[in-house]
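The values are calculated or read from the model by the stated rules, or taken from the named source; none is laboratory data. These numbers were taken from a predicted model, which means no experiment stands behind them. All Cβ positions, glycine included, derive from the backbone under ideal geometry; neighbour counts span all protein chains shown. Note: areas computed on protein heavy atoms with side chains; ligands, DNA, RNA excluded. Shrake-Rupley method; radii C 1.70, N 1.55, O 1.52, S 1.80 Å.
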Amino acid sequence: MTCVKLCLRCTSLLSSSTAILTRHYTQTHVSTIFTRTPPKNMTRFSFHGSYSSVNQTHSSSNKHVGTEVEQKAIESPKAEMVGFDANQVRVSSALPVNDAVFDLDAVTELSPLDELSDDEAASLTVPMRLPPSSTSLSVYVDRSETLTKLVQLGVNLWKLEQRPNVGSMMLRLDFQTDVLPRLLFLKQIGVDESHFGRIITLNPFFLTEDLCNLEARVNYLQSKQFKVEAVASMVTKAPNLLNFSSKRLDNRLGFYQQQLGLSAANTRDVLSRLPRLLCNSLEPVKENLKICEIELGFKKNEIQHIVLAVPKVLTANKRKLTQTFDFLHNTMKLPHHQIVKFPQVLNTKYLRLKERHLFLQYLGRAQYDPAQPNYISLDRLVFLPDQAFCSDLAAATPEDFTLFLKTL
């Protein structure tokens with residue numbers, strides 16, 4: 001009777017898979033030891049059989065028990081599987097048979113309804129999902145290795161995200177395969193590492209350029225007698241230079257040499273100091289050259305001298321350029337040759353030039369003729385700081401200059 005009660009108790013706790021084994025038990029008239037071994041994934045059950053010989057007086061009882069167990073399992077096929085003490089329950093059988101092991105690994109699958117232990121739950125790692133869309137790249141920095149490394153390099157992501165399609169392009173880049181090889185290329189041509197962030201901020205598209213094309217463009221500039229240091233400086237000042245093909249660079253070099261009438265060496269000098277001339281549109285340059293020749297009245301050789309001294313004249317604002325020249329030539333009464341001698345005044349702030357001239361005129365010291373006494377050169381007029389200007393040129397105090405400015 002004890003064996004019968006134990007079998008009934010075990011049957012009520014096992015699942016439908018246990019019912020299958022009990023039917024096997026009924027057919028073979030063998031009692032089985034049930035052992036539940038929960039593995040790490042908690043979805044596998046192993047059933048081991050152990051058999052021993054007993055008196056034949058229990059055989060009829062075993063048949064009755066097996067039939068009742070089978071009937072109960074059929075009535076409750078969806079019995080809940082719960083844990084129980086993994087102690088061996090031995091039921092004697094009249095017929096000893098060989099030990100057997102039933103492994104259900106092949107048919108058991110992981111179910112999302114299975115209960116996990118605390119250790120298993122703590123070991124689970126859930127990958128962070130990237131937001132499908134965002135107006136800022138900052139939300140992706142912690143989840144993207146590429147953006148994290150770019151921030152460490154000094155890239156201004158807020159400037160990149162303001163440009164159309166650049167943000168999505170940066171998210172698609174892989175740091176090891178897309179970014180790192182191009183950074184090594186910049187290092188190879190002599191660009192300092194401290195400028196990497198600025199270069200990528202100004203020209204993120206060079207990260208998608210083929211390395212062979214980048215090397216071809218640098219090799220072309222070096223073939224035109226640009227020094228290695230000059231090429232590195234040009235790339236640092238004008239990173240968009242890397243996006244231009246060798247043919248386009250050659251056309252730009254030919255344009256400036258032809259329009260300015262400069263030698264090859266002077267052309268290289270101008271472009272090395274202002275490399276954005278190779279990247280920007282040529283229309284403003286053409287207009288400024290026409291303004292200098294037609295409206296301002298400079299001769300071609302004078303324009304060449306001005307461009308060699310101040311290349312920014314080629315890209316200066318037309319209104320500012322004409323306003324400054326008008327004040328120098330018509331208000332201060334400076335001839336063309338004197339302006340050509342100090343072409344930096346064309347690139348100075350108009351307000352500073354006007355305030356200082358009017359102050360000197362108020363004091364009666366506005367003398368710009370080198371043949372007259374108390375001559376004041378244009379470079380000192382423009383580039384001296386306020387305190388040196390007041391003491392050396394105006395023979396006044398900074399307070400006097402400040403009081404005069406309030407009267408304007």
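Here are the numbers:
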| read-out | value |
| --- | --- |
| Extension gain (nm, one decimal) between Val141 and Leu358, 0.36 nm per residue minus Cα-Cα | 72.7 nm |
| Hydrodynamic radius of the range 196-263 per Kirkwood, over alpha carbon pairs, in Å | 12.7 |
| From phi via Karplus (6.51, -1.76, 1.60), per-residue ³J(HN,Hα) for the range 137-143 in Hz, x at Gly/Pro | 7, 5, 6, 9, 4, 6, 10 |
| Förster-model FRET efficiency, 51 Å R0, Asp118 and Glu215, C-beta, rounded to 0.05 | 0.35 |
| Table column - 3J(HN,Hα) (Hz), the range 382-387, Karplus curve with 6.51, -1.76, 1.60, x for Gly and Pro | 8, 9, 6, x, 4, 5 |
| For the range 284-351: rounded, prolate or oblate by the Cα gyration tensor [a/c cutoff 1.5] | rounded |
| Compactness relative to 2.2 N^0.38 Å, alpha carbon Rg of the range 179-296 | 1.11 |
| Of all accessible heavy-atom area on the range 246-297, the percent that carbon and sulfur account for (1.4 Å) | 45 |
| Cα Rg, Dmax (largest Cα-Cα span) when computed across the range 330-408, Å | 12.2, 35 |
| Of all accessible heavy-atom area on the range 320-374, the percent that carbon and sulfur account for (1.4 Å) | 48 |
| Residue-wise HN-Hα coupling along the range 351-356, computed from phi with Karplus coefficients 6.51, -1.76, 1.60 (Hz; x: Gly, Pro) | 5, 4, 4, 5, 4, 6 |
| Anisotropy class of the range 227-297 from Cα gyration tensor, a/c 1.5 cut | prolate |
| Approximate spin-label separation Leu408-His305, in nm, with each point projected 7 Å along Cα-to-Cβ | 2.9 |
| Rounded if a/c under 1.5, otherwise prolate or oblate - the range 261-374, Cα gyration tensor axes | prolate |
| For Tyr368, residues with placed amide H under 5 Å, excluding near neighbours | Ile376 |
| The range 264-408 - percent relative contact order, Cα under 8 Å, separation 6 or more | 15 |
| Residue-normalised accessible area of the range 312-408, expressed per residue, 1.4 Å probe, Å² | 56 |
| Relative contact order for the range 234-321, counting Cα pairs under 8 Å that sit 6 or more residues apart, in percent | 29 |
| Relative counts (whole %) of C-alpha pair distances in the range 141-210, using bins that are 10 Å wide | 20, 61, 19, 0 |
